[in-house]
Amino acid sequence: MATICVVNHSITGTTSRLAESVLEGLDSVEGCAGRLLAIEGADIVDGRYGNEAVLHALDGCDAMIFGCPTFMGGPSAQFKAFADASSDRWETQRWEGKLCAGFTVGSSPSGDQLATLQYFTVLGAQHGMLWVGIDIPGGRDPDGRNRLGAQLGLVSQSNGTLVPEVDLDTARYLGARVARKARVLAARERDA
Ligand SMILES: Cc1cc2nc3c(=O)[nH]c(=O)nc-3n(C[C@H](O)[C@H](O)[C@H](O)COP(=O)(O)O)c2cc1C
């Protein structure tokens with residue numbers, strides 16, 4: 001069984017709606033179990049993220065999918081506090097070889113969401129993890145998924161609390177893709 005964690009931060013609920021759809025995609029793949037982990041602002045005290053249970057859950061997974069809103073052209077401060085708290089894992093490269101992927105949302109169609117995804121890739125690289133993007137070329141999907149065309153991960157845009165259904169479909173697609181890759185990886189490690 002491959003385990004995949006969707007670790008996300010959301011204030012008004014759009015990122016968490018995407019996270020739930022990513023989870024649906026993960027759970028649609030046989031032999032995979034998904035788990036949602038919410039980054040809560042209350043777990044940050046004096047600027048330091050301190051929820052060890054979340055970090056511990058990530059220690060045991062095969063893949064993790066990062067999600068947070070784009071705030072001022074980058075990841076939310078709460079997500080960054082969580083990332084900073086992973087530095088002891090970085091010291092020992094404890095997450096080396098796991099898969100990672102990501103998604104974000106902003107209120108503008110091109111509101112610098114890519115910078116948030118790029119931050120996620122750097123975080124993954126610092127941990128020695130392997131990034132999984134989206135293999136849907138923009139404008140080429142008959143169902144319209146990946147409508148904004150980023151292939152590094154899922155970029156969504158929402159003007160309120162509603163997330164376009166096609167973005168939720170893209171989130172399911174990303175979850176299923178990561179799950180299939182994680183299942184292969186977990187089987188290889190089991191047989192090694
Ligand atoms: C402080 C702040 C900064 C924001 N900066 C951006 C931005 O740079 N680009 C963008 O497209 N949207 C920006 N937004 C809009 C949010 O990304 C958007 O409302 C998002 O859906 C919120 O996610 P959540 O519902 O998961 O909290 C910003 C919102 C806030 C409150």
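For ALA53 and ARG140 in the same chain, what is the full-extension length gain: residue separation times 0.36 nm, less their Cα-Cα distance, in nm?
Working: separation 87, 0.36 × 87 = 31.32 nm, distance 4.07 nm.
Difference between extended and current length: 27.2 nm.
Along its three principal axes, how long is the chain when you only count alpha carbons? Whole Å, largest extent first please.
44, 40, 22
What residue among ASP84, ASP27, ASP167 has the largest mean-square fluctuation in a Gaussian network model of the chain, using Cα springs under 10 Å?
Taking springs between Cα atoms under 10 Å, the residue moving most is ASP84.
With +1 on each Lys and Arg Cβ and -1 on each Asp and Glu Cβ, how big is the dipole of region 1-149 about its Cα centre, in debye rounded to the nearest 20?
320
Top to bottom by accessible area (1.4 Å), largest first, where do TRP90, TRP131 land?
TRP90, TRP131
Using a 1.4 Å probe on the protein heavy atoms, what percent of the accessible area of region 82-149 belongs to carbon and sulfur?
48
Anyone know which of ILE65, ILE11, ILE39 comes out most mobile in the 10 Å Cα GNM of the chain?
ILE11
For the chain, what is the accessible area per residue in Å² when the probe is 1.4 Å? Before the final figure, lay out the partial values.
Numbers: 8900 Å² over 192 residues.
That works out to 46 Å² per residue.
How big is the accessible area of ARG180 in square angstrom, nearest 10, if you roll a 1.4 angstrom probe over the protein chains?
Its heavy atoms expose roughly 110 Å² to the probe.
The values are calculated or read from the model by the stated rules, or taken from the named source; none is laboratory data. Nothing here was measured: the structure is a model prediction, and the numbers come from that model. For neighbour counting, all protein chains shown are included, and Cβ atoms are generated from backbone atoms with ideal geometry for every residue, glycine included. Side chains are part of the model used for accessible areas, which takes the heavy atoms of the whole protein and leaves out ligands, DNA and RNA. Shrake-Rupley method; radii C 1.70, N 1.55, O 1.52, S 1.80 Å.
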